[in-house]
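Chemist: First the structure, which I've put down as structure tokens, then a few questions once you've had a look.
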Amino acid sequence: MAFTISFFFLLLWLLLTFPPFLHSLPAPREFPLSCGATDELTHGNLKYIPDEGFITVGNKSTLKTPGLLPLLSSLRYFPDTKARKYCYEFPAIKGGKYLVRSTYYYGGFDGGTEPPVFDQIIQGTKWSTVNTTEDHANGLSTYYEIIVVSELKILSFCLARNKRTSSSPFINALELEYLDESLYNSTDFSKFALTTLARHSFGSHGNIIGYPDDEFNRFWQPFMDKNPVVEESHSDVHSSDFWNYPPTPIFTTAITSSRGQPLTLEWPAATLLPVSKYYIALYFHDNRTPSPFSWRVFTVSINGKVFYDNLNVTTRGVSVYARDWPLAGQTEITLTPADNSPVGPMINGGELFQIMPLAGRTLTRDVIAMEDLARSFDNPPSDWSGDPCLPAKNSWTGVKCSRDRLARVVTLDLTGMGISGSLPSSIGNLSAITHLWLGENKLSGPIPDLSAIKDLQTLHLDNNEFEGSIPPSLGLLKGINEIFLQNNKLAGKIPPSLLKNININLKVSPGNHLSS
């Protein structure tokens, strides 16, 4: 689900500032990127860096809209219609938990009147469809958030075309923020991610609360409805006293009701949730002066179902959560006071996440081998970044994979793609490949040992510039039935194991300098 921010609110948040980009750390914990920018953007201590070095594809553009915030004034767009995806890659802590936020403001950069609709992908899982049409019509920017654990030492975020994409996908800003291990830790992040649907400070009508009040750079948007508002607290509240570390300022305002009256609010407002399971966290604090003779007790219900019974909210505050609560349609929260409670219920803040199943990933061994192969090529396909196999329709060009949860590369077909460079020995680690077709390119160097690829059935290396001898191990592959090596610069003898195997369709001429 998308979030919208008016220029006014976003400007106020930008002025709040958060720590500068940490250049010295081997695996920095935050990456605030201004996409398409040529220089760092600073607002107070808030600093965004250009996205160069995190992506190798796409074009830059600048918006000339008067009064537009600098963060929204530059963007990167992706006109290559043949690429299956366009990926940013970040150094990450393997097993580290990250908040990822993408921000979009179309601004008619391509001369059009409606923004393109496209997909965004996180670590091989389709995260969501980016549709900023309504926000663009209202002059608003749009952002999306997800919380995910990095599966490797590289965390990828990609954009991709879909059937609704008529012009180039684009992005204005992209942020990664490392989260403390304890945050949202009831979620099994090996199988799921959390997509942010709402994060609000109830009773607030002012600024978005962000860094430095929220040390993890989360946005807490103001939320007002027709219920009475409390705007003062007589006791100290500390973020560290709460699970998930909500920022202290959210406890300075609240929505409440009169003594003995239930408090009902529709939250998120005017939002119909899809049928799914959700992570819900609610935050409460009694704003009165601490006293042993007063208490605030009520029952929390969501859509008529008891969420927490007889919650005792003290001046120190309390939070309650559910990690997989089923919801659909409009959500209504009701706080019903206990019969003897001297005051009405109140609520300060809330977070709502949809639980998103992960699509799996490519086997790490295959990922490393494919990345090594990409480095060995002088000009690999432009979409050779991110997960090689996933999502299935957005795999790397020329790559086909198994449909296992741990996907394996089973076919590599780069025939006639004008690729130069060499084949690293690590290509032998792609042990599930059945068809390896690299013919009609400009590859050079020796043919590496492929004996570990025991399921290899066909090998096409013809019409390249390979040198050296034919590896004898090729004739020992029991399942191979086709080897094309013609028109290279190979020399020496053809291994007897190949000559004697009548089941192999072997082509070594014309070209080469081979003897039997």
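The values are calculated or read from the model by the stated rules, or taken from the named source; none is laboratory data. Note that the structure is predicted; figures quoted are calculated from it, not measured. Here the Cβ is made from the backbone with ideal geometry for all residues, glycine too, and neighbour counts use every protein chain on show. Side chains are part of the model used for accessible areas, which takes the heavy atoms of the whole protein and leaves out ligands, DNA and RNA. Shrake-Rupley method; radii C 1.70, N 1.55, O 1.52, S 1.80 Å.
Chemist: If you roll a 1.4 Å probe over the chain with all protein chains in place, what percent of the accessible area is carbon or sulfur?
Modeler: Carbon plus sulfur share of accessible area: 51 percent.
Chemist: Here's another thing I want to ask about it. On average, how much area does the Cα convex hull of segment 372-516 cover when viewed from any direction, in nm²?
Modeler: Quarter of the Cα hull surface area: 8.0 nm².
Chemist: Still on this structure, I have one more. Taking just the C-alpha trace of segment 253-385, give me its Rg and Dmax in Å.
Modeler: For segment 253-385, the Cα-based Rg and Dmax read 23.2, 76 Å.
Chemist: What lysines could a cross-link reach from K191, if we take a straight Cα to Cα line under 26 Å and drop same-chain neighbours fewer than 8 places away?
Modeler: K85, K94, K97, K126, K153, K277, K393, K400
Chemist: With only alpha-carbon atoms in the gyration tensor, what are the semi-axes of the equivalent ellipsoid for segment 207-287, in Å, largest first? Show your work: numbers first, answer last.
Modeler: Details: eigenvalues 90, 78, 31 Å².
Taking √(5λ) for each eigenvalue gives 21, 20, 12 Å, largest first.
Chemist: In nm, what is the difference between 0.36 nm times the number of residues separating L272 and K478 and their Cα-Cα distance?
Modeler: Once the chain is fully extended between L272 and K478, it gains 68.4 nm.
Chemist: Provide the per residue accessible area, probe 1.4 Å, for the chain, rounded to a whole number of square angstrom. The partial results should precede the final answer.
Modeler: On the way: 21520 Å² over 516 residues.
Spelled out: the 1.4 Å probe surface of the chain, per residue, equals 42 Å².
Chemist: Using the Kirkwood formula on the Cα atoms of the chain, what hydrodynamic radius do you get, in angstrom to one decimal?
Modeler: Values: mean 1/r = 0.0387 Å⁻¹.
Roughly 25.8 Å, rounded to one decimal.
Chemist: Under the Karplus relation 6.51 cos²θ - 1.76 cosθ + 1.60, θ = phi - 60°, what is the ordered set of whole-Hz ³J(HN,Hα) values for segment 95-104, x standing for Gly and Pro?
Modeler: Result, ordered by residue: x, x, 9, 10, 8, 10, 10, 10, 10, 9 Hz.
Chemist: Please list 3J(HN,Hα) in residue order for segment 463-469, calculated via the Karplus relation 6.51 cos²θ - 1.76 cosθ + 1.60 where θ = phi - 60°; whole Hz, with x for glycine and proline.
Modeler: 6, 10, 10, 5, 10, x, 9
Chemist: Another question about this same structure. Probe 1.4 Å, all protein chains in place: accessible area of S402 in Å², nearest 10?
Modeler: Rounded to the nearest 10, that gives 30 Å².
Chemist: Starting from the Cα-Cα distance between D404 and T42, subtract it from 0.36 nm times their residue separation and give me the gain in nm to one decimal. The partial results should precede the final answer.
Modeler: On the way: separation 362, 0.36 × 362 = 130.32 nm, distance 4.51 nm.
Contour length minus Cα-Cα distance gives 125.8 nm.
Chemist: In addition: In 5 Å bins starting at 0, how do the alpha-carbon pair distances of segment 182-322 split up by percent?
Modeler: With a bin width of 5 Å, the distribution comes to 2, 8, 17, 23, 23, 16, 8, 3, 1, 0.
Chemist: Aspartates and glutamates near K507 by alpha-carbon distance under 15 Å, same-chain residues fewer than 8 away left out - which ones?
Modeler: Cross-link targets: E440, D462, E482.
Chemist: Expressed as a whole number of Å, what is the distance separating the alpha-carbon centroids of segment 466-499 and segment 40-104?
Modeler: 47
Chemist: At 25 °C and a viscosity of 0.890 mPa s, what translational diffusion coefficient does Stokes-Einstein give for segment 333-436, taking Rh as the Kirkwood radius over Cα pairs? Give it in µm²/s as a whole number.
Modeler: 145
Chemist: Order E266, E482, E351, most accessible first, counting only protein heavy atoms with a 1.4 angstrom probe.
Modeler: I get E266, E482, E351, largest accessible area first.
Chemist: Efficiency by 1/(1 + (r/R0)^6): what FRET value for N138 and E52, r their Cβ-Cβ distance, R0 = 25 Å, to the nearest 0.05?
Modeler: 0.20
Chemist: Angle between the Cα long axis of helix 364-376 and the longest principal axis of the chain, 0 to 90 degrees, nearest 10?
Modeler: In the chain, helix 364-376 runs at an angle near 60 degrees to the longest axis.
Chemist: Once the piece of chain linking D449 and N131 is laid out straight, how much longer is it, given 0.36 nm per residue of separation minus the C-alpha distance between them?
Modeler: 109.7 nm
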